[in-house]
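For reference, the structure discussed in these notes is given below.
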Ligand SMILES: Cc1cc2nc3c(=O)[nH]c(=O)nc-3n(C[C@H](O)[C@H](O)[C@H](O)COP(=O)(O)OP(=O)(O)OC[C@H]3O[C@@H](n4cnc5c(N)ncnc54)[C@H](O)[C@@H]3O)c2cc1C
């Protein structure tokens, strides 16, 4: 392992300045569950590691009637155990967090780190895309807001420039009669990456007709992908068995998995996308029912 310098800025401004000065020779460290492995294996060889963990302002989850904000240091274990989040219409984030790694990993791993790592099988990425999450990207004297979908451009590749830090994720309030769920298929119950991960967001009218649908599939292509044809089959329709079947079959078409993976064949992944989409539509519809039952008690 190559030697590197290590700094612990206390403010976001300091982190951004240090990062800007060091440029591509520096790496940001949040939970470190991914970066430390990359440094050990030689895949990352930074001269400088900028540890964000002492920037206290970045460790937060804020839930208001306008939506939710997730700070760059908010960990997956906190999201998994956070009662108000689990009990809210955003609980797909709690669930997806709880499927990542093991409790030890989740105690370190951040949600924002999961996005910035940009793994094709990142568990938080499909639900964040389905929920329309935006990343606030702070650079030297600049700040921009970009959807999570646009942030990730390939495996381990994002649109972030050296000097830019994701300070938080923002999700606008979900409208009434909306449900969002995540399902993960992996051979082991913990410490295993997704063979397929599916997030489904649905909004219905009072007549239970589909007004909006987002279907996002992870681990079957270089980045998580929206199954837009499948979404269009649902929008405007009732959730009949035939429609759900047709939609699930169309969703499987987004799979670009290759047979070179030892974890699952391309055929199996495609079949599992179909099965998981069907299942996750059912879960999202259950959520809408739950929300209707609870009315105003359905948090934020
Ligand atoms: C044993 C084990 C099991 C795992 N299992 C899973 C799993 O089941 N599912 C899954 O999705 N992942 C899994 N992972 C991967 C990893 O834990 C997650 O991707 C995690 O969310 C990364 O978060 P982190 O805070 O540790 O990121 P870090 O390792 O600190 O950073 C990851 C990358 O993001 C960059 N980065 C971090 N924060 C920021 C920021 N604020 N702004 C800009 N760039 C930033 C870093 O520079 C680095 O390139 C596993 C890892 C291990 C070691």
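A single member of 213, 194, 230, 257 is crowded, with 21+ Cβ neighbours inside 10 Å, closer than 23 Å to residue 93 by Cβ and over 19 Å from the mean Cα position of the chain (by Cα), and it is 230.
Restricting the stretch 101-122 to residues that are assigned to a helix (DSSP H, G or I) and near the ligand (Cβ under 6 Å from one of its atoms), the residue that is surrounded by the most Cβ atoms within 10 Å (Cβ to Cβ) is 112.
Within the stretch 135-148, being under 21 Å from residue 74 (Cα atoms) and either at pLDDT below 95 or buried (at least 21 other Cβ atoms within 10 Å of the Cβ) (or both) holds for 135, 148. Look at the stretch 16-45 and say how many of its residues are touching a residue at least 24 places away in the same chain (Cβ under 8 Å), farther than 18 Å from residue 108 by Cβ and either surrounded by fewer than 20 Cβ atoms within 10 Å (Cβ to Cβ) or in contact with a helix residue (DSSP H, G or I) (Cβ under 6 Å, 6 or more places away or on another chain) (or both). Result for the stretch 16-45: 9.
Yes or no, residue by residue, for (1) assigned to a helix (DSSP H, G or I); (2) touching a helix residue (DSSP H, G or I) at 6+ places or on another chain (Cβ under 7 Å):
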| site | (1), (2) |
| --- | --- |
| 161 | no, no |
| 175 | no, no |
| 198 | no, yes |
| 203 | no, no |
| 206 | no, no |
| 250 | yes, yes |
| 258 | no, yes |
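Residues in the stretch 141-158 that are more than 8 Å from the ligand (Cβ to nearest atom) and within 20 Å of residue 222 (Cα to Cα): 146, 147, 148, 149, 150, 151, 152, 153, 154, 155, 157.
I need the full set of residues from the stretch 265-300 which are modelled with pLDDT under 90 and surrounded by 15 or more Cβ atoms within 10 Å (Cβ to Cβ), in order please. 291, 298, 299, 300, listed by residue number. Of all residues in the stretch 123-135, none satisfies the criterion of being more than 6 Å from the ligand (Cβ to nearest atom), under 9 Å from residue 218 (Cβ atoms) and part of a loop (DSSP other than H, G, I, E, B).
Among the residues of this structure, residue 138 does not count as one that is closer than 16 Å to residue 160 by Cβ, more than 10 Å from the ligand (Cβ to nearest atom) and either part of a strand (DSSP E or B) or over 9 Å from the mean Cα position of the chain (by Cα) (or both). Considering every residue within the stretch 89-100, establish whether at least one is part of a loop (DSSP other than H, G, I, E, B), without any contact (Cβ under 8 Å) to a residue 40 or more places away in the chain and touching a strand residue (DSSP E or B) at 6+ places or on another chain (Cβ under 7 Å). No.
Of the residues making up the stretch 25-53, those that are farther than 17 Å from residue 166 by Cβ and outside any strand (DSSP E or B) number 13. Residues in the stretch 57-71 that are farther than 21 Å from residue 14 by Cα and in a loop (DSSP other than H, G, I, E, B): 65, 66. Is it the case that the stretch 58-69 has a residue that's more than 14 Å from the ligand (Cβ to nearest atom), in contact with a strand residue (DSSP E or B) (Cβ under 6 Å, 6 or more places away or on another chain) and on the phi > 0 side of the Ramachandran plot? Taking every residue of the stretch 58-69 in turn, at least one turns out to be more than 14 Å from the ligand (Cβ to nearest atom), in contact with a strand residue (DSSP E or B) (Cβ under 6 Å, 6 or more places away or on another chain) and on the phi > 0 side of the Ramachandran plot.
The values are calculated or read from the model by the stated rules, or taken from the named source; none is laboratory data. The shown structure was predicted, so the numbers you read here are calculated from the model rather than taken from an experiment. Reconstructed Cβ throughout: ideal geometry from the backbone, glycine too, with neighbour counts over all protein chains shown.
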